[in-house]
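Beneath this line is the structure, given in structure tokens, with notes to follow.
The values are calculated or read from the model by the stated rules, or taken from the named source; none is laboratory data. Small disclaimer: the values here were computed from a predicted structure and weren't measured. Using ideal geometry, Cβ is built from the backbone for each residue, glycine included, and neighbour counts are taken over all protein chains shown.
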Amino acid sequence: MSKLKEVILLENEETLYQIEGNAYTDSPNPLVKLMTSLFRLFWIILGIKLKTYIVVTNRRIIRVDKKTILWGIIPSDTTVSTLNKRTIQSVGYAKAVRWLFFKTIYFKLENMTENISITYKGSMDEVSNIVQKISEIVSE
């Protein structure tokens with residue numbers, strides 16, 4: 001788990017989980033995924049990267065959206081949102097299947113002001129375990 005320089009930990013705070021998600025598309029449609037893959041390839045050639053992270057600490061949950069240019073050398077746009085554990089209403093995951101073969105797994109988090117859904121790069125077992133552990137942390 002690489003450390004994000006945008007995440008500044010508070011006193012007595014430690015990182016428990018870090019989830020990296022797909023920031024290019026959240027559509028389960030294979031044609032849309034193909035089209036965004038072509039855009040992504042074009043952006044990579046130009047040196048543009050988009051990444052989304054969910055960082056879970058023992059005190060809060062942080063969402064980081066990063067855009068860098070020149071192959072990650074120069075930071076461009078960065079958005080950091082900090083969520084208090086008490087504001088989280090639900091944590092979960094979803095799976096969408098298109099054309100019998102193409103599946104997409106989503107990590108979902110709802111708070112009082114927004115619904116966060118990022119495409120998860122991993123297996124259903126992994127996201128299920130992470131959601132269960134985050135739920136336990138949030139419900140403390």
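Could you identify the single residue in Ile105, Ile61, Ile45 that is on the phi < 0 side of the Ramachandran plot and touching a helix residue (DSSP H, G or I) at 6+ places or on another chain (Cβ under 6 Å)?
Details: Ile61 fails: touching a helix residue (DSSP H, G or I) at 6+ places or on another chain (Cβ under 6 Å); Ile45 fails: touching a helix residue (DSSP H, G or I) at 6+ places or on another chain (Cβ under 6 Å).
Answer to the selection: Ile105.
Checked against (1) crowded, with 16+ Cβ neighbours inside 10 Å; (2) among the aromatic types (Phe, Trp, Tyr); (3) closer than 26 Å to Ile8 by Cβ; (4) free of Cβ contacts under 8 Å to residues at least 60 places away in the same chain, Trp43 passes all but condition (3).
Looking across the range 54-65, just one residue is surrounded by 15 or more Cβ atoms within 10 Å (Cβ to Cβ) and outside any strand (DSSP E or B), and that is Arg59. For Thr68, indicate whether it is surrounded by 12 or more Cβ atoms within 10 Å (Cβ to Cβ) and either touching a residue at least 24 places away in the same chain (Cβ under 8 Å) or in contact with an Asp or Glu (Cβ under 7 Å, 6 or more places away or on another chain) (or both). No, not satisfied.
Could we say that Thr68 is polar (S, T, N, Q), at pLDDT below 85 and more than 13 Å from the chain's Cα centre (by Cα) here? Yes: the conditions hold for Thr68.
Before we move on, is Asp77 charged (D, E, K, R) and in contact (Cβ under 8 Å) with a residue 40 or more places away in the chain? Don't jump to the end; show me each part of the working.
On the way: charged (D, E, K, R): yes; in contact (Cβ under 8 Å) with a residue 40 or more places away in the chain: no.
No; evaluated as a whole, the condition is false for this residue.
Comparison of Thr113, Thr119 shows that the only residue that is over 16 Å from Leu16 (Cα atoms) and either surrounded by 18 or more Cβ atoms within 10 Å (Cβ to Cβ) or in contact with a Pro (Cβ under 8 Å, 6 or more places away or on another chain) (or both) is Thr119.
Kindly indicate whether Lys103 is surrounded by 15 or more Cβ atoms within 10 Å (Cβ to Cβ), out of contact with any Leu (no Cβ under 7 Å at 6 or more places or on another chain) and under 24 Å from Lys133 (Cα atoms). So Lys103 does not fit the description; no. Take the residues of the range 71-100 that are of a type in the set (Gly, Ala, Ser), loosely packed, with under 13 Cβ neighbours inside 10 Å and at pLDDT 80 or above: which is nearest to Val7 (Cα to Cα)? The extreme case among them is Ser76.
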